[in-house]
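Chemist: One structure coming up, written as structure tokens, with questions to follow.
The values are calculated or read from the model by the stated rules, or taken from the named source; none is laboratory data. It should be emphasised that the depicted structure is a prediction, and the values quoted were computed from it without experimental measurement. Methodologically, a virtual Cβ is constructed for each residue, glycine included, from the backbone with ideal geometry; neighbour enumeration extends over all protein chains shown. Accessible surface is based on the protein model in full, side chains and every heavy atom, while ligands, DNA and RNA are left aside. Shrake-Rupley method; radii C 1.70, N 1.55, O 1.52, S 1.80 Å.
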Amino acid sequence: MEKQFFIDRTNSIIGSQSACAEIKEAAKAWLDAIDTDNEKQAAENYIAELEEDVTSLEDLIKLLKSEKGEQIFGARVKPMLKKAEDAEMIGLQYCICAACNAGGAILDNKARFLELAGEKQTL
């Protein structure tokens, strides 16, 4: 797994409407720090933000079944719940939104991400 894998998922997070401002900021900071002396720290900050913000599928389903979920998502709540439950049945573990899918892929490979963040690319 190479750094491009993480760059692609990071760009997905930045482009996602479902990503919060804090995760987008951490994502951009890591991209800006690639191949600099600040990359390792930016990567650690980014992982911390991902761990805080990426929602588990279990938590999403709980939200969608709640009154708060109905208030937030309105008429979309039932189709979203069906999609989330289908995702759970096939073993997915993260929220079904683009940001959580991309963030989850990074978290699933956190050790490699942090390892690569400590390496400078050579041409």
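Chemist: Provide the per-residue ³J(HN,Hα) series for segment 81-98, in order, calculated from phi with Karplus coefficients 6.51, -1.76, 1.60 and θ = phi - 60°, each as a whole number of Hz, with x at glycine and proline positions.
Modeler: Result, ordered by residue: 4, 4, 5, 5, 5, 5, 5, 5, 5, 9, x, 6, 10, 10, 2, 7, 6, 4 Hz.
Chemist: Right, next: Quick one: angle between helix 39-53 and the longest Cα principal axis of the chain, in degrees between 0 and 90, rounded to 10, please.
Modeler: Rounded to the nearest ten degrees, it is 10.
Chemist: Taking 8 Å as the Cα distance limit and 6 or more residues as the minimum spacing, I'd like the relative contact order of segment 1-60 as a percentage. Let's see the in-between values first.
Modeler: Details: 29 pairs, mean separation 17.1, N = 60.
Averaging sequence separation for qualifying contacts and normalising by length gives 29 percent for segment 1-60.
Chemist: Return a whole-number percent for the relative contact order of the chain, with Cα pairs under 8 Å and 6 or more residues apart as the contact set.
Modeler: Values: 126 pairs, mean separation 46.9, N = 123.
Computed value for the chain: 38 percent relative contact order.
Chemist: Around Glu22, under 9 Å between beta carbons, what's the net of Lys plus Arg minus Asp minus Glu among the other residues?
Modeler: Details: positive: Lys24; negative: Glu25, Glu49, Glu52, Asp53.
Here the charged neighbours net out to -3.
Chemist: What spacing in nm lies between the two simple spin-label points modelled at Asn11 and Thr36, each 7 Å away from Cα in the Cβ direction?
Modeler: According to this spin-label approximation, the distance is 2.0 nm.
Chemist: Suppose every Lys and Arg Cβ carries +1 and every Asp and Glu Cβ carries -1, with no other charges. What dipole size does the chain come out with about its Cα centre, to the nearest 20 debye?
Modeler: On the way: 15 positive and 23 negative charges, 106 e Å.
Here the size comes out at about 500 debye.
Chemist: Oh, and also: Taking Lys28 as the anchor, which lysines have their alpha carbon closer than 27 Å to its alpha carbon, excluding any fewer than eight residues away along the same chain?
Modeler: Straight-line reach from Lys28, under 27 Å: Lys3, Lys40, Lys110, Lys120.
Chemist: Hey, another quick one. Specify which residue in the list Ile90, Ile7, Ile47 is farthest towards the positive end of the charge dipole of the chain, using unit charges on the beta carbon of Lys, Arg (+1) and Asp, Glu (-1), about the Cα centre.
Modeler: Highest projection toward the positive end goes to Ile90.
Chemist: Can you give me the distance in nm between label points at Lys62 and Ala48, each placed 7 Å from the Cα along the Cα-to-Cβ direction?
Modeler: 2.4 nm
Chemist: Moving on to the next point. Compute, for Glu115, the solvent-accessible surface of its heavy atoms (probe 1.4 Å) with the complete set of protein chains present, and express it in square angstrom to the nearest 10.
Modeler: Solvent-accessible area, nearest 10 Å²: 100 Å².
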